[in-house]
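Novice: There's a structure below that I have some questions on.
The values are calculated or read from the model by the stated rules, or taken from the named source; none is laboratory data. Just so you know, these numbers come straight off a predicted model, no measurement behind them. Please note: Cβ atoms are built from the backbone with ideal geometry, for glycine as well, and neighbour counts cover all protein chains shown.
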Amino acid sequence: MMKIEKLAAFILISYLLVFSIFSSSFGQQASPQEKAKETEVKKAPEKIVPSPHNIKEKTAIYVFLAWMWVSILVLIYILRQKIREVDRLYTLKFLGSDF
Amino acid sequence: MKIKNLLPGIGAWLEERFGFRGLSRFLNEKRVPQHRHTIWYYTGSSILLFFFIQVVTGIMLAFYYKPTIEEANKSIARIMAEVPLGWIIRSVHFWSSSFMIALVLFHMTSIWIIKSYRKPRELTWMSGVFLLILTLFFGFTGYLLPWDDLSLAATKVGTDIPRSIPWVGAWVTKLLRGGEDVTGDTLTRFFGIHITVLPLCLLFILVIHIYLIQKLGMSLPLGLDKKKEEVKELPFWPNFVYREMVVWLVLSGILFSLAIFLPPSLGKEADLMAPAPEGIKPEWYFLFLFQTLKVFPSRILLVTGDTLAVSLLLLAGILFFFLPLIDYRPEERKGKVITFIAYFFIIYAVVMTVWSLVQ
């Protein structure tokens, strides 16, 4: 039983080792046509149009934008209340020059 | 020692050295007139807000930007593609500059129309004109920094314009370019000017400008200054500052939304040997000048069209700078002529800009 377990562990470790060593080179095994295509794409693009790099960043940006506008609206509401209050105090001449 | 006892102690210690009480008393006593042109008072502080955003985003971009012809375009591409949220920072910097210039133009034209440059505010106006020139120069030097084909061509055209000024033109062009042509030296020079010379000059003149505004107080439009007692006033702190904060919040929201939805793109790396691409156009704030130069005939009598156009523009600039000395008496008739010229200038600038855009 131990022998079988050891063998299984050996196979698994060797498989992982081989896979991790060669996995990077597996990705580069492309046909010459594909390689030519890749270099063509990499050749300085005419124009770089910026945009979120991935869906995670895209979502984060839209969430930030929504949060920002909600915060702005809440802050404007609070400031409006404060403006009313200080204007009322000013018309009542409640606040002196050293408040 | 308890913290609540410590804080007033620190406050008293700082007060003894800095004398903040005088400043707070000044802010409490400062008043802002309330009339139908009060809205224009908000432009000044909004310009400061965008200047602050420019400084912060500019410093962030300078961490990654490399001002050499080999690296400039690549470093911007890296900012946009690899640096986390780099494209947003660049976009905010780009849009904030446009907002700042638009507000400076609004600010200047409003002062022109309501004639706030009259005695004793001549120097406030003149320092304001310097600030306008510096702001435009910020835009001009910043436009080359991405080092793409369009920015190179536009800078070639832009730096060639002073050449038409009689006597000193060629020297000015050479000084701007750091040589006969736009090269890597021009890029390094523009970057140095953009991040050190211009901010220092702007800060220096800004301090003078703000000091003069605080010393002389907010001006009243022509006509209202005669009935000063009837004009309502509002305390600057906190009543007016709270109102300004509302404007800052709205403008910041619009700025960030535009920066996210309409980020500026980056063209392919500039090639010094390549011919100029088609449809070269400067930034929107230079379009009316660009179109003016374009429509001028190539020769008028003995003078070339370019020389005449640049000389006329220069003369207009000098007259604009010395406006408080030309329109120094509170006479209605003269005031009306100046107001008419201001409106004519606005219509002219808008028409020329639209014409250049649709071409």
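Novice: So, of the residues in the range A:42-73 that are more than 10 Å from chain B (Cβ to nearest Cβ) and more than 30 Å from B:Asp148 (Cβ to Cβ), which turns out to be farthest from the chain's Cα centre (by Cα)?
Specialist: Among residues in the range A:42-73 that are more than 10 Å from chain B (Cβ to nearest Cβ) and more than 30 Å from B:Asp148 (Cβ to Cβ), the one farthest from the chain's Cα centre (by Cα) is A:Val70.
Novice: Now a separate question. Name the one entry in B:Arg78, B:Arg17, B:Arg36 that is surrounded by fewer than 17 Cβ atoms within 10 Å (Cβ to Cβ), away from chain A (no Cβ under 14 Å), part of a helix (DSSP H, G or I) and among the basic types (Lys, Arg).
Specialist: Values: B:Arg78 fails: away from chain A (no Cβ under 14 Å); B:Arg36 fails: part of a helix (DSSP H, G or I).
B:Arg17 is the lone residue from the list that is surrounded by fewer than 17 Cβ atoms within 10 Å (Cβ to Cβ), away from chain A (no Cβ under 14 Å), part of a helix (DSSP H, G or I) and among the basic types (Lys, Arg).
Novice: Which count do you get for residues in the range B:237-266 that are surrounded by fewer than 19 Cβ atoms within 10 Å (Cβ to Cβ) and touching a strand residue (DSSP E or B) at 6+ places or on another chain (Cβ under 6 Å)?
Specialist: Count: 1.
Novice: A further question follows. Among B:Leu357, B:Leu314, B:Leu308, B:Leu325, which is the only one that is assigned to a helix (DSSP H, G or I), in contact (Cβ under 8 Å) with a residue 12 or more places away in the chain and in contact with an Asp or Glu (Cβ under 9 Å, 6 or more places away or on another chain)? Before the answer, list the steps.
Specialist: Details: B:Leu357 fails: in contact with an Asp or Glu (Cβ under 9 Å, 6 or more places away or on another chain); B:Leu314 fails: in contact with an Asp or Glu (Cβ under 9 Å, 6 or more places away or on another chain); B:Leu308 fails: in contact with an Asp or Glu (Cβ under 9 Å, 6 or more places away or on another chain).
When all the criteria are applied, what remains is B:Leu325.
Novice: Continuing with the same structure: Among the residues of the range A:27-66, what is the count of those that are among the hydroxyl-bearing types (Ser, Thr, Tyr), modelled with pLDDT under 80 and assigned to a helix (DSSP H, G or I)? Reasoning before the result, please.
Specialist: So the first thing to find is which residues in the range A:27-66 are among the hydroxyl-bearing types (Ser, Thr, Tyr), and the list is A:31, A:39, A:51, A:59, A:62.
Next, from what is left, pick out any that are modelled with pLDDT under 80: A:31, A:39, A:51.
Checking which are assigned to a helix (DSSP H, G or I) leaves us with A:39.
Total satisfying the criteria: 1.
Novice: Follow-up. For the range A:79-97, name all the residues that are surrounded by fewer than 12 Cβ atoms within 10 Å (Cβ to Cβ) and part of a helix (DSSP H, G or I).
Specialist: Scanning the range A:79-97 gives A:Gln81, A:Arg84, A:Arg88, A:Thr91.
Novice: Going by the conditions given, is B:Lys336 assigned to a helix (DSSP H, G or I), within 16 Å of B:Ile114 (Cα to Cα), modelled with pLDDT under 90 and of a type in the set (Lys, Arg)?
Specialist: Details: assigned to a helix (DSSP H, G or I): yes; within 16 Å of B:Ile114 (Cα to Cα): yes; modelled with pLDDT under 90: yes; of a type in the set (Lys, Arg): yes.
When the stated conditions are applied, B:Lys336 passes them.
Novice: Can I ask one more? Between residues in the range B:91-117 that are within 13 Å of B:Phe138 (Cα to Cα) and residues that are part of a loop (DSSP other than H, G, I, E, B), which pairs lie under 8 Å by C-beta distance while being six or more apart or on different chains?
Specialist: What qualifies is B:Phe94/B:Pro263; B:Phe94/B:Pro264; B:Ser98/B:Glu283.
Novice: Against the conditions (1) over 23 Å from the mean Cα position of the chain (by Cα); (2) in contact (Cβ under 8 Å) with a residue 60 or more places away in the chain, where does B:Lys174 fall short? Just the number, please.
Specialist: (2)
Novice: Restricting to the range B:163-192, count the residues that are among the small types (Gly, Ala, Ser), in a helix (DSSP H, G or I) and under 23 Å from B:Met273 (Cβ atoms). Talk me through it step by step, then tell me what you get.
Specialist: Pass one, the range B:163-192, residues among the small types (Gly, Ala, Ser): B:164, B:169-170, B:178-179, B:184, B:192.
Still in the list and also in a helix (DSSP H, G or I): B:164, B:169-170, B:184, B:192.
The next check asks that each one be under 23 Å from B:Met273 (Cβ atoms); those that pass are B:184.
So the count comes out to 1.
Novice: If B:Ile280 meets every condition in (1) part of a helix (DSSP H, G or I); (2) among the β-branched types (Val, Ile, Thr); (3) within 30 Å of B:Leu150 (Cβ to Cβ) apart from one, which number is that one?
Specialist: All conditions pass for B:Ile280, except number (1).
Novice: Test of understanding: among B:Ile53, B:Ile47, B:Ile59, which residue is aliphatic (A, V, I, L, M) and free of Cβ contacts under 8 Å to residues at least 24 places away in the same chain?
Specialist: Values: B:Ile53 fails: free of Cβ contacts under 8 Å to residues at least 24 places away in the same chain; B:Ile47 fails: free of Cβ contacts under 8 Å to residues at least 24 places away in the same chain.
Criteria check complete, one pass: B:Ile59.
Novice: Scan the range B:20-33 residue by residue and report those that are surrounded by fewer than 16 Cβ atoms within 10 Å (Cβ to Cβ) and of a type in the set (A, V, I, L, M).
Specialist: Selection gives B:Leu23, B:Leu27.
A quick yes/no check of all residues on (1) closer than 16 Å to B:Glu122 by Cβ; (2) assigned to a helix (DSSP H, G or I):
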position	(1), (2)
B:Leu206	no, yes
B:Tyr211	yes, yes
B:Pro221	no, no
B:Lys227	no, yes
B:Leu234	no, no
B:Pro238	no, yes
B:Val241	no, yes
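Novice: For the range B:210-241, which residues satisfy the criterion of being more than 10 Å from chain A (Cβ to nearest Cβ) and among the β-branched types (Val, Ile, Thr)?
Specialist: Taking the range B:210-241 first, the residues more than 10 Å from chain A (Cβ to nearest Cβ) are B:210-232, B:236.
Across the range B:210-241, the qualifying residues are B:Ile210, B:Ile213, B:Val231.
Novice: Would you confirm whether any residue within the range B:242-264 is more than 14 Å from every other protein chain (Cβ to nearest Cβ) and either among the aromatic types (Phe, Trp, Tyr) or without any contact (Cβ under 8 Å) to a residue 24 or more places away in the chain (or both)? Reasoning before the result, please.
Specialist: Step one: list which residues in the range B:242-264 are more than 14 Å from every other protein chain (Cβ to nearest Cβ), which gives none.
Among the residues of the range B:242-264, not one is more than 14 Å from every other protein chain (Cβ to nearest Cβ) and either among the aromatic types (Phe, Trp, Tyr) or without any contact (Cβ under 8 Å) to a residue 24 or more places away in the chain (or both), which makes the answer no.
Novice: Hey, B:Ser91 hits all of (1) surrounded by 22 or more Cβ atoms within 10 Å (Cβ to Cβ); (2) away from chain A (no Cβ under 14 Å); (3) part of a helix (DSSP H, G or I) but one; which does it fall short on?
Specialist: So the condition that B:Ser91 fails would be (2).
Novice: Another question, if that's okay. Being modelled with pLDDT of 95 or more, under 30 Å from B:Leu224 (Cβ atoms) and not small (Gly, Ala, Ser): is that true of B:Leu249 here? Spell out the reasoning first.
Specialist: Numbers: modelled with pLDDT of 95 or more: yes; under 30 Å from B:Leu224 (Cβ atoms): yes; not small (Gly, Ala, Ser): yes.
Answer is yes for this residue.
Let's see how each residue does on (1) surrounded by 15 or more Cβ atoms within 10 Å (Cβ to Cβ); (2) closer than 21 Å to B:Phe94 by Cβ; (3) among the aliphatic types (A, V, I, L, M):
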| residue | (1), (2), (3) |
| --- | --- |
| B:Pro8 | no, no, no |
| B:Thr43 | yes, yes, no |
| B:Ser46 | yes, yes, no |
| B:Leu49 | yes, yes, yes |
| B:Ala62 | no, yes, yes |
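Novice: Being among the hydroxyl-bearing types (Ser, Thr, Tyr) and not in a loop (DSSP other than H, G, I, E, B) is the requirement here; does B:Thr141 meet it?
Specialist: Details: among the hydroxyl-bearing types (Ser, Thr, Tyr): yes; not in a loop (DSSP other than H, G, I, E, B): yes.
So B:Thr141 fits the description; yes.
Novice: Now for a separate question. Within the range B:268-282, track down each residue that is within 14 Å of chain A (Cβ to nearest Cβ) and under 21 Å from A:Pro50 (Cβ atoms). I'd like the intermediate steps shown before the answer.
Specialist: Applying the first criterion (within 14 Å of chain A (Cβ to nearest Cβ)) to the range B:268-282 yields B:268-271, B:274, B:277-279.
B:Lys268, B:Glu269, B:Ala270, B:Pro277 - these are the residues of the range B:268-282 that are within 14 Å of chain A (Cβ to nearest Cβ) and under 21 Å from A:Pro50 (Cβ atoms).
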